[in-house]
Structure formats: C-alpha cells, structure tokens
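Report on the structure given below.
The values are calculated or read from the model by the stated rules, or taken from the named source; none is laboratory data. Since this is a predicted model, take the numbers as computed values, not measurements. For neighbour counting, all protein chains shown are included, and Cβ atoms are generated from backbone atoms with ideal geometry for every residue, glycine included. Quick note on the areas: whole protein, heavy atoms, side chains included, nothing else; ligands and nucleic acids left out. Shrake-Rupley method; radii C 1.70, N 1.55, O 1.52, S 1.80 Å.
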Amino acid sequence: MDLGSKTNQLLSKIATNDKHGENSPYFDGWKAYDNNPFHPSKNPNGVIQMGLAENQLCFDLIEEWIKNNPKASICTLEGVHKFRDIANFQDYHGLPEFRNALANFMSKVRGGNVRFDPNRIVMSGGATGANEVIMFCLADPGDAFLVPTPYYPAFLRDLCWRTGLQLIPVECDSSNNFKITREALEKAYNKAKEDNINVKGLIITNPSNPLGTTLDRETLKSLITFINENNIHLVCDEIYAATVFSSPSYVSVSELIQEMDQPCKKDLIHIIYSLSKDMGFPGFRVGIVYSFNDEVVNCGRKMSSFGLVSSQTQHMLASMLSDDSFVDKFLAESKKRLAKRHNIFSKVLEEVNITKFPSNAGLFCWMNLKSLLKEQTFEAEMMLWHMIINEVKLNVSPGSSFNCSEPGWFRVCFANMDDETVEVALTRIRTFIGKETKKPEMQVKSWQRNLQLSFSSIRRFVHETIMSPHMMSPHSPIPQSPLVKAT
C-alpha cells in the first residue's frame, strides 16, 4: 500500500472522494496556465488565460470611486472611526445597510422591473458557497437535480462534492439552439424516476454559462410550469445578470412569477446571485441566496455561518452600491465595454471563418471549432484542445467539460485581460486557424489517422504532459489556487 492510500485511510470520504471535478480538462487548462503564464515582457510566449470568466473591463471606474470615497473603508483616516463597530459585527443577517444596498442593486440590474426584499437575502462566500447552501437546504444525499446541458463544469464541485447530491443532465443541442424543451425535461425526469432517483429540483443559469444567452419569457414560464406540476424546486443562477450587452433584454425569474396568470408556487423558487461577474469582485466572495420560501431563508441563514461575507467588505460595498449615480454609470459603461470586446472577438472569428453561437450576455463566446475536427468525436475534440493549450498557448475550455452533447464547441473568455493581451490572443487565433485550414490534404489525412487514438490514450497523454514533474500539482500550496476561484 502506497503512502497516498495510507493517508486516505485516515481521512474522511467527503475529503477524499472524486466529486470535486478537478481532474477535468477545464481545470487542467488552468494548471497549464499557472505553470506558464503569459506576460507581455517577462514571458511573451506563455499561455494566455482564456478559460476564466472574470470581468476586468471596468476596474478603472471602481478605482476612481474608491479614491473619491475614502470614508467607505475602515482602513483610512477618514473611515477609521467606524473600525470598532465593523470589526465586532457578526450578525448572520449581515449589515442592514449592505442588504438594503444589495437589494436595490439587484433591482437596478434587472431594469427596475422587480423589487427585492432585503430580509430575504442570505449571504454566503461567493456563488460557490451560495450554491452549496441552497443544496443543503433543499435535498439529501442521493437526491438529484436536473441541469440542462451544456452547464458550468464546477457545478459538480459546488452542488455535489460535499452534499452527496447528483446531477442529471437534460440533453440540449445545437439543432434548436440549445433550447430547454419540455420534452427534454420530461425525458430526463421520467428516466430518473424509473431509476428510483429522487429528483428534488431543476437548476438553470440565466444568462447561460457557457452559451452567453438569456432565456426568453416563454421558456421561463414553461420551466416554472414544469416544476409546479412536479412539485420540485427551481434554482436560478443569475450571477451574469448585469453582463447582458445587447438585445433581447434580460428577464429574471423574479419578474415571471409576478406576471404569470396561473397560480405559481413561489416557495419552490430560489435565486443565486453574486458580485463576482457583474461587478468583477470574485475575490470579495460576495454570494447570496434569495429565496421566496421563508423556511429556506431561515435555514440558509443558519448554514451561512460557515461562509459569511466579511463585515469590512459589507461596509465598503454598502457605501458603493448605495451610490445611485455611480451604479447607474457603472452598469451603463460595463454594458458598452462588454459589447465592444465581444464585437472585437466576433469579427476576428468571422475573418477566419469560425462561427460562434449567437450571444447577448456573459464574459465569453461559445466557439464552434467543428470544422477543425477531422472526426466528429470527443476524442478529436480532446486532441484539438491539447494542441491549442500546448502549441497555440491559449487556455480555452472544451465543450465536453461543460457536458455538451456535441463535440467541437469551446468556451473562450474575453473580459479577463487588457487590450494588449487581447491583440496577442487574437493574433495567435488567426495564425493557428490559418495554418490548420491550409494544411495539404496528405497532412490532413495523417492528422485524421492520428485522431483514431482511443479516448483513454489521449486523456493519458494530456494528463502526462500537463501534469509533468514540472507542473504544479493541484494539491501543491499555491497562493491563488485555480481550484477555488469563482468561475
């Protein structure tokens, strides 16, 4: 018995199970970046991080506000008089002024079409913590949640790792633009019942990660009707709500339950929100559960004691989000800059005849590289991904890691870098696509034969390459481990 096995015998099953999902290509790409990060002068041939959905486009506005509002921080001469009150505050409910400001901000993000009750806000450590809290509140180990594909890879970690839950994919594909249909929901739900699996709910992301699209009213109404008829929960992950940069406009589930003619079981509906994407604050770890169910609010608040937002963060953000003038300016400018960056990426992809899924939200594009696959298989997708990571030096995320039902889709993030890095990334894309599409027929056939490698062989090769002795282990002490980032 090796040392690792002996050590695992001393640890819990929760700590040592494989539900974290860290061994997927999604996280492997982050490890490749951490081992060889791009820098314009120090490491110009390094890997560019395009696998992390961060929003850095409006940091200048945030920095300007902080300079102009020194009282918002207890670490300045102007704000230190509040130090004792803020340092001692530990109420699970959170600072009243913070919850009020956050409720108002959520309303503004949704166009003022719905108002949120501050007393229904349950805080947690980022959306990761909020997702886990809501699962602990709604389900028991062995229970399941339906989730439409493609979906966020780290849902396995957030929803299942420590809760013991399982996810049941609802298969969606490009034939109808990945629309979530009633037929697909019923098929997945009925199959689970046949397998004696207790389905407790449906979880969706709106706007979608990775598609970058928003759900229309009719689809949302259909989902609400479905969960009402089956008496199961609906969890709506709305953490990208303020990243909508073009039409159609965003519709929150909170609006729909006000509009529906038929009775709606509001106590089955819950919203996950955070400031990681909309404001670009993943490091602040601000996540919330907003539930229309009184019992969930009460239970969630008790559970949130394991992952509260620091009182210092609450204090500063309460001041920032209460500044209506700033918030209005920020939301408008963020929308404008996201649209501009999205258009830049879209035009380059068009130049090299690469299509992408039509999107109007998010911090990424859902890129279609099927034309570069010589076989429409996930084995071929893995080979292409390996080439992009190791030769092109771009960390993009393969569709298979999002549980996509079709090979050839890749998520590429565009809002987590400056303009200069964008130009380098786009140049690499142009060069790579141009080279691949101009390969002689014999080279193409040779490459096609190589793609006959078994999936297990490719995964082993990728794993051995990326996880070489020179590569950081996911268990190594890393100051900013990619395995705990909000994505």
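Some points to look at:
- Taking the range 104-195 as the region of interest, the strands (runs of 3 or more DSSP E) fully inside it that hold 2 or more residues being touching a Cys at 6+ places or on another chain (Cβ under 8 Å), open to solvent by 10 Å² or more (accessible area, probe 1.4 Å) and of a type outside the set (S, T, Y) are 166-170.
- Criterion (surrounded by 16 or more Cβ atoms within 10 Å (Cβ to Cβ), among the hydroxyl-bearing types (S, T, Y) and touching a His at 6+ places or on another chain (Cβ under 7 Å)) met by exactly one of S311, S304, S291: S291
- Counted residues, the range 382-417 - those being open to solvent by 10 Å² or more (accessible area, probe 1.4 Å) and of a type in the set (G, A, S): 3
- Screening G283, G201, G300, G212 for residues that are small (G, A, S), part of a helix (DSSP H, G or I), more than 22 Å from P118 (Cα to Cα) and not assigned by the TED database to the domain that holds L363 leaves exactly one candidate, G283.
- Residue selected from the range 82-103 under the condition modelled with pLDDT of 90 or more and of a type outside the set (A, V, I, L, M, F, W, C), by the criterion surrounded by the fewest Cβ atoms within 10 Å (Cβ to Cβ): P96
- Residue count for the range 320-333, restricted to those that are in contact with an Asp or Glu (Cβ under 8 Å, 6 or more places away or on another chain) and part of a helix (DSSP H, G or I): 0.
- From N231, N298, residue being in contact with a helix residue (DSSP H, G or I) (Cβ under 8 Å, 6 or more places away or on another chain) and surrounded by fewer than 19 Cβ atoms within 10 Å (Cβ to Cβ): N231
- Among the residues of the range 262-288, the one identified as of a type in the set (K, R) and open to solvent by less than 30 Å² (accessible area, probe 1.4 Å) is K277.
- Residue identified as touching a residue at least 24 places away in the same chain (Cβ under 8 Å), loosely packed, with under 13 Cβ neighbours inside 10 Å and either within 28 Å of A339 (Cβ to Cβ) or charged (D, E, K, R) (or both) among P44, P40: P40
- Residue in the range 345-364 that is nearest to L61 (Cα to Cα), counting only those that are in contact (Cβ under 8 Å) with a residue 12 or more places away in the chain and open to solvent by 60 Å² or more (accessible area, probe 1.4 Å): P358
- Tabulated pairs, the range 211-226, first without any contact (Cβ under 8 Å) to a residue 60 or more places away in the chain, second open to solvent by 10 Å² or more (accessible area, probe 1.4 Å) and of a type in the set (K, R), C-beta under 8 angstrom, 6+ apart or interchain: T219/K179; S222/R182; F226/R182
- Whichever residue in the range 23-71 is hydrophobic (A, V, I, L, M, F, W, C) and part of a helix (DSSP H, G or I) and, among such residues, is modelled with the lowest pLDDT: F27
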